[in-house]
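Encoded as structure tokens, the structure appears first; notes follow it.
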Amino acid sequence: MGGINFFPNDLEVKDQKIILRLDLNVPIKDKVIKDDTRIVLCLPFINNLIEKKAKIIIISHLGRPKGVSVPELSLTPIYKYLKETLKTNVYFFRGVFDDDVNEKFSYLKGGDVILIENIRFFKEEAEDDLNFSKKIGALGDIYINDAFSCSHRKQASVHSITKFVKRSFAGPLLKKEISAINLVIENKKEPVTCIIGGSKISTKINVILSLIKKINNLIIVGAMANNFFTYKNFKVGKSLVEENTKEVIEDIYKKAELNNCKILIPEDCLVGTSFDGTSKKRNLDEVKDDEIILDIGDDTIENIKKKINESNTVLWNGPAGYFENENFSKGTLSIAEKISKNTIEKSLLSVLGGGDTLAAINKINSKLSFSHLSTAGGAFLEFLEGKDLPGISVLK
Ligand code: ADP
Ligand code: 3PG
Ligand code: MG
């Protein structure tokens, strides 16, 4: 797989300090972890390193604290989770990386684990700062990136850190993710439909431009769709929109026509006056100034189901609505159920990705089936696009 250095299972790591970059960016509300999928998937490898008596230094981010310490974005709930789950000493480090960095963690014994507080509390992380990368690199002997879902970020703990450790590897979860997605890229059968939703508009909207060349249908849902409504001059009240997307959406429509890719945007929606309130159905020309579009409507759900029926491959990232409130979860759940049904009954090739997309699916009680579930959202889309991800390039 493109010359990536994968972590060799037989490497002697006893008493070696391993910096393990994970994506423990899970949904947390009022200090409670709402979906632990991303953590659960990391556990086998952590346990493997514990058994091998490595000293394990875990780095992760949570949310986007923009370089300052935000109490709601502390990794404390995740530290407690790891402490309860792992059968070893688990420590939590909330200090700074100063000059005596080499002395740090000298108390760790083989098999111990230490979790570092949200790495994005340091502004140097997002800046991919070399000095900062050197300091965090000095914490260990070996660096392992097992966070495919943040490998599209050119940030210190994913990118420049590799310049300052002796050996860098990709972990087993990263390997599993890219093998599965590569398999889908190689075997995809047309028509290929890509469904894009969620709220990370700036991360994803540019990806759409290059994806268009590779797919037959594009379906836009979630908060992403609000920008398309604005582009078409519909009023969206207090809905989440991103400034300055007119040009890129114009390009998307132009490229879609050139490449014969059909674009479907919602024709009806559910609105609320607050995120926690009840829902009302609206056509696109009926949204009032104080309303927020928080889900797709029933007519849109039917249109999407038809498109899924016409497809042989479906790639999906990003919930169709604010599923955290069940009044706005129907769109996301209906899409998930339909994709699962066709995966089972019509051999649909289906790949779903994204931390929140996974959390939404896990809310469904019935057992669903997909060809592959990825932990990654933005990284998944950029990988599909064929881009070299900065966090993976440095492991080659
Ligand atoms: P993923 O983690 O699957 O990649 P994102 O992080 O881009 O997805 O977005 C997930 C978030 O988007 C969820 O918290 C969901 O509630 C929110 N969301 C989806 N649709 C809307 C909407 N119409 N308005 C506001 N938030 C939305
Ligand atoms: C994600 O949830 O997609 C990853 O953790 C990356 O988060 P980011 O978009 O804030 O970099
Ligand atoms: Mg997300």
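Some notes on this structure:
- Output for region 331-351, where each listed residue is out of contact with any Gly (no Cβ under 7 Å at 6 or more places or on another chain) and either within 13 Å of ligand 3 (Cβ to nearest atom) or touching a residue at least 60 places away in the same chain (Cβ under 8 Å) (or both): 335, 349, 351
- Of residues in region 208-230 being out of contact with any strand residue (DSSP E or B) (no Cβ under 8 Å at 6 or more places or on another chain) and more than 17 Å from residue 292 (Cα to Cα), the one surrounded by the fewest Cβ atoms within 10 Å (Cβ to Cβ): 213
- Apart from one condition, residue 81 fits all of (1) touching a Lys or Arg at 6+ places or on another chain (Cβ under 9 Å); (2) at pLDDT 95 or above; (3) not acidic (Asp, Glu); the exception is (1).
Yes/no matrix, rows are residues, columns are (1) open to solvent by 10 Å² or more (accessible area, probe 1.4 Å); (2) touching a helix residue (DSSP H, G or I) at 6+ places or on another chain (Cβ under 7 Å); (3) touching a residue at least 24 places away in the same chain (Cβ under 8 Å):
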| position | (1), (2), (3) |
| --- | --- |
| 127 | yes, no, yes |
| 151 | no, yes, yes |
| 156 | no, yes, yes |
| 167 | yes, no, yes |
| 176 | yes, no, no |
| 182 | yes, no, yes |
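- Among residues of region 266-279 that are within 15 Å of residue 240 (Cα to Cα) and open to solvent by less than 50 Å² (accessible area, probe 1.4 Å), those with a beta-carbon under 6 Å from a residue that is among the acidic types (Asp, Glu) and in a loop (DSSP other than H, G, I, E, B) at least six positions away or on a different chain give the pairs 271/291.
- Here residue 346 meets each of (1) under 27 Å from residue 268 (Cα atoms); (2) surrounded by fewer than 18 Cβ atoms within 10 Å (Cβ to Cβ) with one exception, condition (1).
- Cβ-Cβ under 8 Å pairs, at least 6 apart or on other chains, region 299-322 side farther than 12 Å from residue 334 by Cα and within 16 Å of ligand 1 (Cβ to nearest atom), far side basic (Lys, Arg) and not in a helix (DSSP H, G or I): 318/200
- Some residue of region 343-358 being within 12 Å of ligand 1 (Cβ to nearest atom), closer than 18 Å to residue 182 by Cα and not hydrophobic (A, V, I, L, M, F, W, C): yes
The values are calculated or read from the model by the stated rules, or taken from the named source; none is laboratory data. The model shown is predicted, which means the values in this text are computed figures rather than measured ones. Methodologically, a virtual Cβ is constructed for each residue, glycine included, from the backbone with ideal geometry; neighbour enumeration extends over all protein chains shown. Protein only, heavy atoms only, side chains kept; ligands, DNA and RNA dropped before computing areas. Shrake-Rupley method; radii C 1.70, N 1.55, O 1.52, S 1.80 Å.
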